[in-house]
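Reviewing the structure listed below.
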Amino acid sequence: MDSVQEKVFERMVSERKRIAAQYRSEGEGERAAILGEMERELAKISSEAFRTSQEIRGRADATATQIYANTFGRDPEFYQFYRSLEFYQGFNNPRSTFVLSSDADLFRYLGSIQGNTRGASGQRPASEP
């Protein structure tokens, strides 16, 4: 009798294991489906975010270009100064030597910034010796 009872228990355990395996398999299938949907949604969201960021960047670049054009159009001297700074910024290498002539535009701009009291004609005001 014990052997019959053991065989019944073994069949019951084996049936429960089969049912558990079936549930696990169905759960893994659902998991894969959910992960696939999540990855598709993530790709879609990332793509839309990139597109939106590029549109915003494009509008910002257009606005900046318009501002530069307006500013430089009103004051050509400022444009020359700005372009000179951009040019000299490219030579920011501590291992390089950069030689400028004394009549370079940069010195003209720096001279007026550093408190040069000479006017546009290059003469000192009457109050200076």
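Brief remarks on what is shown
- Residue match in the stretch 12-34 (condition: surrounded by 10 or more Cβ atoms within 10 Å (Cβ to Cβ) and either under 30 Å from ARG83 (Cβ atoms) or touching a helix residue (DSSP H, G or I) at 6+ places or on another chain (Cβ under 9 Å) (or both)): no
- Residue satisfying all of: in the stretch 81-98; open to solvent by 100 Å² or more (accessible area, probe 1.4 Å) and assigned to a helix (DSSP H, G or I); nearest to TYR68 (Cα to Cα) among these: ARG83
- Criterion violated by SER101 - all others in (1) assigned to a loop (DSSP other than H, G, I, E, B); (2) at pLDDT below 75 satisfied: (2)
The values are calculated or read from the model by the stated rules, or taken from the named source; none is laboratory data. Since this is a predicted model, take the numbers as computed values, not measurements. Ideal geometry is used to build each Cβ from the backbone, glycine not excepted, and the neighbour counts take in all protein chains shown. Please note that ligands, DNA and RNA were not included when accessible areas were found on the heavy atoms of the full protein model with its side chains. Shrake-Rupley method; radii C 1.70, N 1.55, O 1.52, S 1.80 Å.
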